[in-house]
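Below: the structure, in structure tokens.
The values are calculated or read from the model by the stated rules, or taken from the named source; none is laboratory data. Note that the structure is a prediction, hence the values are computed from the model and not measured. For neighbour counting, all protein chains shown are included, and Cβ atoms are generated from backbone atoms with ideal geometry for every residue, glycine included.
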């Protein structure tokens with residue numbers, strides 16, 4: 001979640017516990033002579049994320065080694081690979097947590113991610129979900145989603161903030177989408193692990209991200225929860241671009257063989273900080289190098 005949302009959550013939690021005290025962007029020119037505002041996402045060329053020759057070293061260890069990745073608008077891309085392959089570091093670079101030693105990273109064709117801070121990157125439309133769910137456990141499910149709404153978080157605006165009918169409708173739609181309609185008033189800390197994952201995904205979606213980065217979203221889930229999560233992600237593709245990092249190959253198979261454009265979905269395999277293979281899941285699974293370093297025989 002964004003730093004602003006975490007800060008707002010802390011304030012909301014304080015009010016919940018003490019109710020009586022509640023009182024510049026990098027620069028490739030836009031194509032076709034169009035004028036694009038500094039924070040305006042331009043996907044004229046069809047790509048929403050472009051990484052080129054990204055390298056990151058930690059004390060001499062190359063976490064990323066000239067990594068190249070291109071994600072299309074509305075695409076669902078699954079990323080697999082052994083531990084230490086660079087998957088988390090890649091997401092750290094995209095979200096501004098880690099600065100690379102070399103390379104370029106663009107959101108659309110005009111927004112230079114390497115010139116932005118973490119909070120700025122979140123605000124322009126990139127949402128990240130970590131493996132461990134981060135929700136405000138002492139607030140209700142509804143309050144968590146309300147908190148995640150895009151709104152003016154300045155003190156004066158917060159004091160007079162009231163939900164509008166369209167915002168109530170949006171929260172209601174989100175509760176249905178993430179399978180928590182019947183849990184709206186339940187304290188988030190009482191949810192199952194899988195339900196907390198759905199709630200955090202819902203909180204990200206409330207912020208209208210164009211690109212979602214999802215780190216091992218089904219780790220620790222039951223089979224039923226995993227199946228529902230696959231259905232959720234499939235319902236999002238097209239409206240959002242998704243990059244899903246996961247080890248569960250059954251889940252990867254669900255995502256890449258169902259839904260829109262299933263015949264064109266690709267899986268990227270990372271190894272030692274670079275792309276080892278990329279293509280349809282069946283082709284990747286039969287790749288000898290991938291079998292050797294990751295899948296096993």
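Would you confirm whether or not region 26-36 contains a residue that is surrounded by 14 or more Cβ atoms within 10 Å (Cβ to Cβ), on the phi < 0 side of the Ramachandran plot, touching a helix residue (DSSP H, G or I) at 6+ places or on another chain (Cβ under 7 Å) and at pLDDT 55 or above?
So in region 26-36, the residues surrounded by 14 or more Cβ atoms within 10 Å (Cβ to Cβ) come out as 26, 28, 30, 36.
Okay, now just the ones that are also on the phi < 0 side of the Ramachandran plot, so 26, 28, 30, 36.
Filter once more, so that each one left must be touching a helix residue (DSSP H, G or I) at 6+ places or on another chain (Cβ under 7 Å): 26.
Next, from what is left, pick out any that are at pLDDT 55 or above: none.
No: region 26-36 contains no residue that is surrounded by 14 or more Cβ atoms within 10 Å (Cβ to Cβ), on the phi < 0 side of the Ramachandran plot, touching a helix residue (DSSP H, G or I) at 6+ places or on another chain (Cβ under 7 Å) and at pLDDT 55 or above.
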Exception for residue 209 within (1) touching a helix residue (DSSP H, G or I) at 6+ places or on another chain (Cβ under 7 Å); (2) outside any strand (DSSP E or B); (3) surrounded by 18 or more Cβ atoms within 10 Å (Cβ to Cβ) falls at (1)
Step by step: first the residues of region 218-245, then only those that are surrounded by fewer than 19 Cβ atoms within 10 Å (Cβ to Cβ) and assigned to a loop (DSSP other than H, G, I, E, B), then the one that is farthest from the chain's Cα centre (by Cα). Which residue is that? 222
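Name the residues in region 267-292 that are on the phi > 0 side of the Ramachandran plot and buried (at least 20 other Cβ atoms within 10 Å of the Cβ), would you? Reasoning before the result, please.
Going through region 267-292, the residues on the phi > 0 side of the Ramachandran plot turn out to be 272-273, 279.
Matches in region 267-292: 273 only.
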Select from region 247-266 the residues that are in contact with a strand residue (DSSP E or B) (Cβ under 8 Å, 6 or more places away or on another chain) and either part of a helix (DSSP H, G or I) or surrounded by 19 or more Cβ atoms within 10 Å (Cβ to Cβ) (or both) and list them in ascending order. 249, 252, 255, 256, 265
Among the residues of region 267-281, what is the count of those that are closer than 15 Å to residue 71 by Cβ and not in a strand (DSSP E or B)? 0
Suppose we filter region 43-74 for residues that are crowded, with 21+ Cβ neighbours inside 10 Å and modelled with pLDDT under 95; how many remain? 0
What is the number of the single condition among (1) in contact with a strand residue (DSSP E or B) (Cβ under 6 Å, 6 or more places away or on another chain); (2) at pLDDT below 95 that residue 242 does not meet? (2)
Flag if residue 215 is buried (at least 18 other Cβ atoms within 10 Å of the Cβ) and under 26 Å from residue 137 (Cβ atoms): yes
Out of 104, 98, report the one residue that is more than 21 Å from residue 225 (Cα to Cα), over 19 Å from the mean Cα position of the chain (by Cα), at pLDDT 95 or above and outside any helix (DSSP H, G or I). 104
If you check residue 197 against the conditions, is it in contact with a helix residue (DSSP H, G or I) (Cβ under 8 Å, 6 or more places away or on another chain) and farther than 19 Å from residue 247 by Cβ? no
